[in-house]
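Below is one structure; the comments refer to it alone.
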Amino acid sequence: DEWLEFARRYSQLRQMFLQMSPEHSSDVAEADEFWKNANAEFRKWLQVGYPRLFNLPSIPPRLPSHIAPFLSRQLKERRKVAFLLCDGLALEQWFALREELRDSGFTARMDERTMFAMLPSITPISRQAAFSGMLPRHFSATVLRTDRDESHWRAFWEDSGLRRHQIGFKAVHGDPEDIDEI
């Protein structure tokens, strides 16, 4: 949990540095040393701490494989749930997007949670874990693909007791005309 909180602060700091003007280059060089040291410490923690994450309950979610079970619990508590996955979005980019959404009048309640990626942190692994609620060893045949997202999502929810017509899935690719679909 301390690393997840650190990630939020680290990303907020990175966002501030990305917005700095070029005349602050000496500050950026000092920050680069900080990023390097922080990453080295995190790598050390990963060797010991990351394997322990698999034994934690899915509430709160700490891994992508925890997302679907967490949402299932929310649904059982009679809450409507939606899951929006934005591929390739760094945490500091999320902070900017969140502000843009708020400024544009978006009023839905957002439950923001920081979590670890599945390792190795390549897109298909975390996506399939998020949509299926499973660890990568359970989808080893498709581990490097992203074309199974919908089938994993539907299978998870059908196994959780929902009927096919109660499950929604929409893939959009971020084109400006997709905003109506979203």
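Only one of (i) 18.5; (ii) 19.4; (iii) 17.8 was calculated from the structure for Kirkwood radius over Cα pairs in Å, and its label is (i).
Accessible surface comparison of Lys76, Lys170, probe 1.4 Å, protein chains only, largest first: the order is Lys76, Lys170.
Only helices enter the 222 nm calculation for the chain: every DSSP H run of n ≥ 4 contributes -39,500 (n - 2.57), and dividing by all residues gives -15500 deg cm²/dmol, rounded to 500. For the chain, the longest principal axis of the C-alpha atoms and the axis of helix 123-132 are separated by about 40°. Ordering Leu85, His66, Ala108 by Cα displacement along the dipole of segment 57-108 toward the positive end leaves His66 in first place; charges were set at the Cβ atoms of Lys, Arg (+1) and Asp, Glu (-1).
Taking amide H positions as modeled 1.01 Å from N, with prolines and chain starts lacking one, the residues under 5 Å from Met118 and 5 or more places away or on another chain are Ser126.
List the chymotrypsin sites (Phe, Trp or Tyr not before Pro) in segment 82-135 that DSSP assigns to loop (not H, G, I, E or B) and whose Cβ has at most 14 other Cβ atoms within 10 Å. Which are they?
Details: sites: Phe83, Trp94, Phe95, Phe106, Phe116, Phe131; in loops: Phe83, Phe106, Phe116.
Taking segment 82-135 and a limit of 14 other Cβ atoms within 10 Å, the loop chymotrypsin sites (Phe, Trp or Tyr not before Pro) found are Phe83, Phe106.
For Lys76, the lysines whose Cα falls under 23 Å of its own Cα, not counting residues fewer than eight places away in the same chain, are Lys170.
Listed by chain and number, the lysines placed with their C-alpha closer than 27 angstrom to that of Lys36 are Lys44; residues fewer than eight positions away on the same chain are left out.
About the Cα centre of segment 1-146, how large is the charge dipole given +1 on each Lys and Arg Cβ and -1 on each Asp and Glu Cβ? Please answer in debye to the nearest 20.
Dipole magnitude for segment 1-146 comes out near 1100 debye.
Taking all protein chains as shown and a probe of 1.4 angstrom, Leu53 keeps an accessible surface of around 10 Å².
The values are calculated or read from the model by the stated rules, or taken from the named source; none is laboratory data. Nothing here was measured: the structure is a model prediction, and the numbers come from that model. All Cβ positions, glycine included, derive from the backbone under ideal geometry; neighbour counts span all protein chains shown. Side chains are part of the model used for accessible areas, which takes the heavy atoms of the whole protein and leaves out ligands, DNA and RNA. Shrake-Rupley method; radii C 1.70, N 1.55, O 1.52, S 1.80 Å.
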